[in-house]
Ligand SMILES: [Fe+2]
């Protein structure tokens with residue numbers, strides 16, 4: 001569980017320990033990274049702890065006012081193995097159905113809740129990820145993610161989230177994200193890839 005009072009270890013220290021642990025780990029022939037889903041889950045958990053502990057306050061929006069109109073993100077750390085991002089989500093802006101090309105991914109929800117619609121091979125399956133929940137995304141994972149509707153956090157006038165009560169999640173991608181593909185569901189219960197784009201933005205270009 002996340003706790004604002006827990007003792008967090010900065011990501012730089014975690015990185016040093018990770019490098020030592022990975023030094024002798026062979027690269028799986030099918031994967032372009034030494035990291036595994038469990039590593040990414042651990043990194044996003046650590047990133048979430050660090051955000052809650054105030055270690056990234058200097059990277060957060062001016063005056064502590066979270067955007068209410070558009071998704072917002074900031075990179076918490078980056079190296080050859082992995083990028084770690086903090087994302088703030090707003091209502092009615094989904095990522096669209098996408099994959100993360102050749103990168104593994106993972107997330108930890110800090111506050112509020114996310115809705116994820118994952119393509120199972122025959123249908124889109126929805127789940128809600130609340131504060132403290134985690135998820136990992138192996139290569140080939142196709143999903144659409146958005147701020148969950150409903151009673152998660154305060155909502156201001158016109159259904160906008162209160163600037164002081166954001167939906168936040170920490171994401172990790174390994175190797176660092178460089179491309180994504182987008183999909184649509186066809187009339188025959190299949191998905192069709194509609195476009196691919198080069199991007200290093202978490203969960204796609206911000207909008
Ligand atoms: Fe994604």
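Observations
- Extension reserve of the residue 193-residue 206 stretch, reckoned as 0.36 nm per residue once the Cα distance is removed: 2.7 nm
- Over the residues of the chain, the helix contribution to mean residue ellipticity at 222 nm works out to -4500 deg cm²/dmol, using -39500 (n - 2.57) for each DSSP H run of at least 4.
- When peptides 139-148, 172-181 are sorted by average Cβ neighbour count within 10 Å, with the highest value leading, the order is 172-181, 139-148.
- Compared with the alpha-carbon gap, the fully stretched path from residue 22 to residue 80 is longer by 19.6 nm at 0.36 nm per residue.
- Region 11-198: radius of gyration and largest Cα-Cα distance (Dmax), Å: 16.9, 54
- Here region 109-132 and region 34-100 have alpha carbon centers that stand 16 Å from each other.
Where a number appears in this text, it was derived from the coordinates with a stated rule and is not lab data. None of the values given here were measured: they were computed from a predicted structure. Because the Cβ atoms are built from the backbone with ideal geometry, glycine has one as well, and the counts that use them run over all protein chains shown.
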